[in-house]
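Novice: Sharing a structure here in C-alpha cells format.
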Amino acid sequence: MPIAKVNGVETEFEPGMTVLQVAERAGHEIPRFCYHERLSIAGNCRMCLVEVKPGPPKPQASCALPAAEGQEIFTDTPMVKKAREGVMEFLLINHPLDCPICDQGGECDLQDQAVGYGRDGSRYAENKRAVEEKNMGPTVKTFMTRCIQCTRCVRFITEVAGVPDIGMISRGEDAEITTYLEKNIDSELSGNVNDLCPVGALTHRPWQYHYRPWELKKTETIDVMDALGSNIRADFKGAEVMRVLPRVNEGINEEWLSDVSRYAVDGLQRQRLDRPYIRENGRLRAASWDEALGAVAAKLTAASADRIGVIAGDLQDAESMKAALDLFRALGSANTDCRQDGAALGVGPREGWLFNTGLQGIENADAVLVIGANPRTEAPLLNARLRKSWLAGKAEIGLIGEQANLTFDYNWLGAGSKTVGKLPKAAVDFLTKAERPAIIVGAGALTGETGPAVLNALGALAKKVGVVKDGWNGFNVLHTAAARVGGLDMGFVPGEGGKTALEMVKPGALDVLFLLGADEINVTASDAFRVYLGSHGDRGAHGADVILPGAAYTETSGLYVNTEGRVQMAERVVFPKGQAKEDWAVLRALSASVGQTLPYDTLDALRSTLMADHPTFGRIDYLPEPAAFDVAALGVKGDLGDIAFASTVRDPYLNNPITRASVTMAELSAQRIAPVAMAAE
C-alpha cells in the first residue's frame, strides 16, 4: 500500500483515496461542508483546505485532491489556519445568524465549525442578501437565506434518490438552490436532505419548532414501517416520541431512511387505544381489564377448538406472536396465520421466504429480475441500492409486473403470470449469462389463487438459470410486513387442518376471531365474535366486540426479523398509553383467564422459550449465510392463469395503523395522488 506523511507521521492508504480521507485515517479531523462520503465530490465549500508538498505553495481542497505516494500533508499550519478562517468569514457574510430561532441550532455544522475554525469577528458591515423561501413539500422546510450552496441536497436527490427535482440556478451572489418550477420533491427519501444540510437551510417541516435537540432523550431501536428493519434512533421528550433519525448500518439502510419511517411518528399520538372496550347493544363502552379479559375468556372456552382462530398483524414483534401461537395451540386450535395478504409462503426450508442475497449483497448481482413488486414504494432503500448498482453499470434489471418509475432503467418483460409461464428467450438469456443472477419476488406475485403455482414456476426458473448455486443464493423474497419473516420462522401458519387468514374471515368460518394487531385484512364479512388487540383505533378495531389496548412498536422491547432473515431487537422508547399493556403481557393474562396459563411470566422468560423452540431468534444481528436449497420444490404445480401482478402496497403513506393516523402521511399521500388526478382530468 502507498504511504503518505500526515503532519510528519507516515500513514498507509488505499489507492484512489483523497487527501481528506488519508488525513482522517491518520486521526486528524478535517472540517467540511460540501463533502460527504456517499455523494460525488463537489469541492465547492473550500473549508477542507490543507497544505500539501510537493505542490504549489498555497492551501488546496483536500476532498478533491487525490493522495499520492510520498505526499506530505499538513492540516494545522499557520497558512491552513488562516485560509480556513477566511473561508468561514466569507461563508458568514450573508448568513443571517438567526441561531436562537433555528431548528438546526445545537446540531449545526456551521455553528460547530465557526467555533472551531473561524475568526472571533467579521470585517464586513454590508447588508446581507435575502433569498425567497421555496415550497419543497410536506417534509422539507426551507430558509434559503441560510444556504451556503454546498449542493449536498442536489447531489443526494439526483444521485441516490434518482429524482432530479433540486438544482442550483444563477451565478455568483445570485446563486440559489431551488426545486424546478417550484414543485414539491417527488421522492420517498426526501427527508434525508434535511439530515445532509450542514446549516439550517433545510429542516424537518413536520417537527418545526417542536423541540430543541438538547431537550430530547435518545433510544436506539428498529423501524417497522417496512420489512427492511432499518436501524433508527427515536428521540423523545416526556411521553412523546418527537422524531426518528437513521442510524448507520451498512448492511441494511446505510445512513438513509424513508419518509414513512421518519415522519409517521406523529401517528403514535393519534387514534390511540388507551383502555379496554366491550361492545354492548351495538355500542362500545369502556371496561376494566378484568371485565374485558373475562368476556374474551368466556367466548374462547365456550367455542370448540376448531371454531376459534388468530390472525397476527404486520407490525407485531416476535414475542407477542409466540405468546399468541402458544395460547391458541394450547386451546387446541390450528387456525393461526400471520399472512394477511394470503401469500403462498411458510412451507419448506427457511430460505424459501428470505431475501437470500442480503440487502447489501444485491449490489453484487449482475442480473436482477423483479417480479410482482414495486421496490420504490415497498422498500425505498432497496430501490436506492438497485439504482446504485445500475448507475455503476454492475447490473441489468428486468421487471415482470406493473410498470412504474423506479428511478432506473429496466427491461419490462410482461404484466403477470402469463409471462412467468412463457418467459421470453431474451429474459432467460440475460439471467443465464450472468455470473450472479438474482430474482426478487414480491407479494404481488404470491397472493391470490395462482400464488403457489407462480412460486413453483419461479423456483423452476431459478434452478434453470442458476440463481441458486454454491456460494451464491440469488432467490429473494421481498416482504412488506415487518412481522412476516418472524411469524413464518416460528410457524405462525395454519396447523394440520387449520384455516388460513383469508378463510378465517369468511362468513360462518369461526365463532371467535382474535385479531392480534391485524388491520390489513377485510373482516367485515366475518360473523364471528371479534377480539382486537392493538395500539390504534383502526380497521381491526372497527366492529370488534372486545378491544384490548396494546403497545406500539416504540412502547415495547421486541424482536423483529427483517426480509433477509436478520434478527434485530427493538427497544422500548416510551411507555404504553393510558391503561394499555404490552401485547405479550395481555396474552399471558388471557391465558390465565382461560385456564391455559403460559409458562412464562417475564419478557426474558418468554424470549428464552422462543429461542429454545426456534434457535434462529437467538442469533441477534446475524445475517444468514447464503445456503443452497432445492428451489424447484417451492410452491405447488398448477395452472398459472393470466393474472396481472400488482404491488400489494397501493399507497406507501397509508399502509398501516400508525401511518393512517399521521397528519404528515396524509399530506404526503395527497401530494402523491394529486398529480395522478390531474393527469386523469
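The values are calculated or read from the model by the stated rules, or taken from the named source; none is laboratory data. All of these numbers come straight from a predicted model, not from anything done at the bench. Neighbour counts run over all protein chains shown; Cβ positions are idealised from the backbone, glycine included. To get the accessible areas, we keep the full protein, side chains included, count just its heavy atoms, and leave off ligands, DNA and RNA. Shrake-Rupley method; radii C 1.70, N 1.55, O 1.52, S 1.80 Å.
Novice: In debye, nearest 20, what is the charge dipole magnitude of region 1-85 about its Cα centre with +1 on Lys and Arg Cβ and -1 on Asp and Glu Cβ, if you could check?
Specialist: Values: 10 positive and 11 negative charges, 83 e Å.
Its charge dipole is roughly 400 debye.
Novice: With equal scatterers on the alpha carbons only and no solvent term, can you work out the Debye log10 of I(q)/I(0) for region 572-635 at 0.28, 0.29, 0.30 1/Å?
Specialist: Rounded to two decimals, the profile gives -1.21, -1.22, -1.23.
Novice: At 10 °C and a viscosity of 1.306 mPa s, what translational diffusion coefficient does Stokes-Einstein give for region 526-626, taking Rh as the Kirkwood radius over Cα pairs? Give it in µm²/s as a whole number. Walk me through the intermediate numbers first.
Specialist: Numbers: Rh = 15.5 Å.
In µm²/s, the coefficient is 103.
Novice: Give, rounded to the nearest 20 debye, the magnitude of the charge dipole that the chain has about its Cα centre when Lys and Arg contribute +1 at Cβ and Asp and Glu contribute -1 at Cβ. Don't skip to the answer; put the middle values down first.
Specialist: Working: 71 positive and 88 negative charges, 87 e Å.
Roughly 420 debye, rounded to the nearest 20.
Novice: Give the shape of region 614-655 as rounded, prolate or oblate, defined through the alpha-carbon gyration tensor: a ≥ b ≥ c are the square roots of its eigenvalues, a/c under 1.5 means rounded, and otherwise the shape is prolate if a/b is larger than b/c and oblate if not. All intermediate terms of the calculation are to be shown ahead of the outcome.
Specialist: Details: a/c = 3.30, a/b = 1.27, b/c = 2.60.
In terms of gyration-tensor shape, oblate.
Novice: Is the shape of region 254-329 best called rounded, prolate or oblate, per the rule: a/c under 1.5 gives rounded, else a/b larger than b/c gives prolate, else oblate, with a ≥ b ≥ c the square roots of the Cα gyration tensor eigenvalues?
Specialist: oblate
Novice: What's the ranking of 227-238, 251-262 by average number of surrounding C-beta atoms within 10 Å, highest first? Can you show the working numbers first?
Specialist: Values: 227-238: 21.7, 251-262: 23.6.
Ranked by mean Cβ neighbours within 10 Å, highest first: 251-262, 227-238.
Novice: For region 551-681, what is the Kirkwood hydrodynamic radius in Å, using each pair of distinct C-alpha atoms? The partial results should precede the final answer.
Specialist: Numbers: mean 1/r = 0.0510 Å⁻¹.
When all Cα pairs of region 551-681 are included, the Kirkwood radius is 19.6 Å.
Novice: Next question, about the same structure. Any idea what diffusion coefficient region 42-85 gets from Stokes-Einstein, in µm²/s, Kirkwood Rh on alpha carbon pairs, 37 °C, 0.692 mPa s?
Specialist: On the way: Rh = 10.6 Å.
The calculation lands on 309 µm²/s.
Novice: Taking the dipole about the Cα centre of the chain, with the C-beta of Lys and Arg at +1 and of Asp and Glu at -1, give me whichever of Gln60, Phe629, Ala323 is farthest to the positive side.
Specialist: Ranked along the dipole, the leading option is Gln60.
Novice: Output the Cα-based Rg and Dmax of the chain in Å, rounding Rg to one decimal and Dmax to a whole number.
Specialist: Reported Rg and Dmax, both Å: 27.5, 90.
Novice: So, how do all the Cα-to-Cα distances of region 182-310 break down into 10 Å bins, in percent, from 0 on up?
Specialist: 10, 29, 23, 17, 16, 5, 0
Novice: On average, how much accessible surface per residue is there in region 400-472, in Å², for a 1.4 Å probe, leaving out ligands, DNA and RNA?
Specialist: Computed with neighbouring chains in place, this is 44 Å² per residue.
Novice: Which GluC sites (Glu not before Pro) from region 466-539 combine a DSSP loop assignment with at most 12 other Cβ atoms within 10 Å? Before the final figure, lay out each step's value.
Specialist: On the way: sites: Glu496, Glu503, Glu520; in loops: Glu496, Glu520.
For GluC sites (Glu not before Pro) across region 466-539 that sit outside H, G, I, E and B with at most 12 neighbouring Cβ atoms in 10 Å, the list reads Glu496.
Novice: Right, here's the next one. Using the Cα atoms as the points, what is the convex hull volume per residue of region 93-241 in Å³? Don't skip to the end; give the middle numbers.
Specialist: Values: hull volume 21.2 nm³, N = 149.
Convex hull of Cα atoms, per residue: 142 Å³.
Novice: So for the chain: antiparallel DSSP bridges make up what percent, rounded to the nearest 5? Show your work: numbers first, answer last.
Specialist: Working: 45 of 81 bridges.
Roughly 55 percent of the DSSP beta bridges within the chain come out antiparallel.
Novice: Select from the chain the helices, each a whole stretch of DSSP H, whose alpha-carbon atoms run 24 Å or more along the helix axis and whose Kyte-Doolittle mean is at least -0.5; answer none if there are none.
Specialist: Working: long enough: 663-680 (26 Å, 0.93).
Membrane-span-like by this rule: 663-680.
Novice: Another question, if that's okay. Under a 1.4 Å probe, what is the accessible area of region 55-209 per residue, stated in Å²?
Specialist: Numbers: 7310 Å² over 155 residues.
Ligands and nucleic acids excluded, the result is 47 Å² per residue.
Novice: OK, next. Which of rounded, prolate or oblate describes region 360-451 when judged by the alpha-carbon gyration tensor and an a/c cut-off of 1.5?
Specialist: Numbers: a/c = 1.82, a/b = 1.22, b/c = 1.49.
Taking the square roots of the gyration eigenvalues as a ≥ b ≥ c, region 360-451 is oblate.
Novice: Let me ask something else. Please report, as a whole percent, how much of the solvent-accessible surface of the chain comes from carbon and sulfur atoms (probe radius 1.4 Å). Display every interim value, and only then the final one.
Specialist: On the way: 13940 of 27310 Å².
Carbon and sulfur atoms account for 51 percent of the accessible area of the chain.
Novice: Averaging sequence separations of C-alpha pairs under 8 Å and six or more residues apart, then dividing by the length of the chain, give the relative contact order as a whole percent.
Specialist: Value for the chain: 15 percent.
Novice: Treating the beta-carbon of each Lys and Arg as +1 and of each Asp and Glu as -1, no other charges, what is the dipole magnitude of region 505-644 about its Cα centre, to the nearest 20 debye? Don't skip to the answer; put the middle values down first.
Specialist: Details: 11 positive and 19 negative charges, 61 e Å.
Roughly 300 debye for region 505-644.
Novice: A follow-up question, please. Once you compute Rg and the Kirkwood Rh from C-alpha atoms, what is the Rg to Rh ratio for region 401-517? Display every interim value, and only then the final one.
Specialist: Numbers: Rg = 17.6 Å, Rh = 17.0 Å.
A ratio of 1.04.
Novice: I'd like the distance separating the alpha-carbon centroids of region 549-628 and region 295-321, in whole Å.
Specialist: The distance from the Cα centre of region 549-628 to that of region 295-321 comes to 16 Å.
Novice: Considering Cα pairs under 8 angstrom that are at least six residues apart, work out the relative contact order of region 1-103 and quote it in whole percent.
Specialist: After rounding, I find 29 percent.
Novice: Any of Lys217/Lys577; Lys322/Lys637; Lys464/Lys637; Lys141/Lys577; Lys218/Lys581 with alpha carbons more than 20 Å apart? Name them for me. Don't jump to the answer; show the numbers that get you there.
Specialist: Details: Lys217/Lys577 18 Å; Lys322/Lys637 32 Å; Lys464/Lys637 16 Å; Lys141/Lys577 30 Å; Lys218/Lys581 22 Å.
Table pairs above 20 Å Cα-Cα are Lys322/Lys637; Lys141/Lys577; Lys218/Lys581.
Novice: Starting from the eigenvalues of the Cα gyration tensor, five times each then square-rooted, give me the equivalent ellipsoid semi-axes of region 23-121, largest first, whole Å. Please list the in-between numbers first.
Specialist: Values: eigenvalues 135, 47, 26 Å².
Sorted largest first and rounded, they come to 26, 15, 11 Å.
Novice: Please give the peptides 312-324, 356-368, 70-82 ranked by average Cβ packing (other Cβ atoms within 10 Å per residue), highest first, as a rough proxy for protection.
Specialist: 312-324, 356-368, 70-82
Novice: In terms of the ratio Rg/(2.2 N^0.38 Å) built on C-alpha atoms, what value belongs to region 463-505?
Specialist: Numbers: Rg = 15.2 Å, N = 43, 2.2 N^0.38 = 9.2 Å.
For region 463-505, the normalised Cα radius of gyration comes out at 1.65.
Novice: Among Asn522, Val468, His479, whose Cα projects farthest towards the positive end of the dipole of region 387-535, with charges put on the beta-carbon of Lys, Arg (+1) and Asp, Glu (-1)?
Specialist: Val468
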